[in-house]
Amino acid sequence: MNWSSGAWSRIEGIYARIESMSFIKELMAGTLPLEKFQYYMVQDAFYLDQFGRALAIIGARVENVEDSLAYIRFAEGAIVVEKALHESYFESFQLKDKGQIEPTCHHYGHFLKSTAALDGIEVAMAAVLPCFWIYKKVGDYIYQNQQSGNNPYQKWIDTYAGEEFGELTQRAIDITDNIARQSTEKQQQAMTEAFITASRLEYEFWNSAYSLKTW
Ligand SMILES: Cc1ncc(C[n+]2csc(CCO)c2C)c(N)n1
């Protein structure tokens, strides 16, 4: 069995809880209060900055040059492509104030950056994987279960349910599985721990937006 299949089986409970979160249900129905989506967008802009840097660190550290290029491109995607989504929402919702980074985003971003810089490269790859994989699953879930055709959050949904994002996610899974095959049992366990922690933080990220959590 691939490392990723075993790791996903460990977060099935967390993932099921994510699908049933109020934030996700209301995003899907288009009824999520704007204030909560705005909080999410502002925090996500901070997150993407940190996530992009974590991916760039991985790109710099990984030995195989093809893998290095893949992570450098993921970093570019996080900073450039997703920023476009953010900017369009910032514009259409007249969000001018950049706001400040709140506790959950701060925790998650710093977890990713410190893991990318200080832990084994295989652990760093495992830590960033839920960002891709959970978003792909949530994007597909929402896309397949959506009822109304007029959703103010449609652009967000389309970004993650798309085929292109699916390919990106599969590439990240494959590279991580490949490095897991070259890792010891102990290293694989550390990878799984990091994967679980990041998945918990994905849950907390949406939860913090729903409850508008501040310092
Ligand atoms: C909290 C949070 N987690 C994951 C993503 C999704 N995401 C952001 S950048 C990127 C890879 C390159 O495009 C992915 C999958 C997000 N937006 N916010």
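The values are calculated or read from the model by the stated rules, or taken from the named source; none is laboratory data. Computed from a prediction, not measured in an experiment: that's the story for all the values here. Cβ atoms come from the backbone with ideal geometry, glycine included; neighbour counts cover every protein chain shown. Ligands, DNA and RNA are excluded from the accessible area calculation, which covers all protein heavy atoms including side chains. Shrake-Rupley method; radii C 1.70, N 1.55, O 1.52, S 1.80 Å.
Considering only residues in segment 42-60 that are hydrophobic (A, V, I, L, M, F, W, C), in contact (Cβ under 8 Å) with a residue 40 or more places away in the chain and crowded, with 19+ Cβ neighbours inside 10 Å, the one that is nearest to the ligand (Cβ to nearest atom) turns out to be 51. Every listed requirement among (1) under 22 Å from residue 126 (Cβ atoms); (2) at pLDDT below 95; (3) surrounded by fewer than 19 Cβ atoms within 10 Å (Cβ to Cβ); (4) not aromatic (Phe, Trp, Tyr) is met by residue 78 save one, (3). Taking the criterion of being within 16 Å of the ligand (Cβ to nearest atom) and closer than 17 Å to residue 8 by Cα, the residues of segment 177-215 that qualify are 194, 195, 196, 197, 198, 199, 200, 201, 202, 203. For segment 68-85, check the following and say yes or no: at least one residue is in a helix (DSSP H, G or I), over 21 Å from residue 42 (Cα atoms), more than 14 Å from the ligand (Cβ to nearest atom) and touching a residue at least 40 places away in the same chain (Cβ under 8 Å). The answer is no, given that none of the residues of segment 68-85 is in a helix (DSSP H, G or I), over 21 Å from residue 42 (Cα atoms), more than 14 Å from the ligand (Cβ to nearest atom) and touching a residue at least 40 places away in the same chain (Cβ under 8 Å). Within segment 1-34, the only residue that satisfies the criterion of being open to solvent by 20 Å² or more (accessible area, probe 1.4 Å) and touching a Leu at 6+ places or on another chain (Cβ under 7 Å) is 26. Being at pLDDT below 95 and either within 16 Å of the chain's Cα centre (by Cα) or among the hydroxyl-bearing types (Ser, Thr, Tyr) (or both) is a condition met by no residue of segment 7-23. Is there a residue being open to solvent by 10 Å² or more (accessible area, probe 1.4 Å), of a type outside the set (S, T, N, Q) and in contact with a Lys or Arg (Cβ under 6 Å, 6 or more places away or on another chain) anywhere in segment 118-131? For segment 118-131, residues open to solvent by 10 Å² or more (accessible area, probe 1.4 Å), of a type outside the set (S, T, N, Q) and in contact with a Lys or Arg (Cβ under 6 Å, 6 or more places away or on another chain): present.
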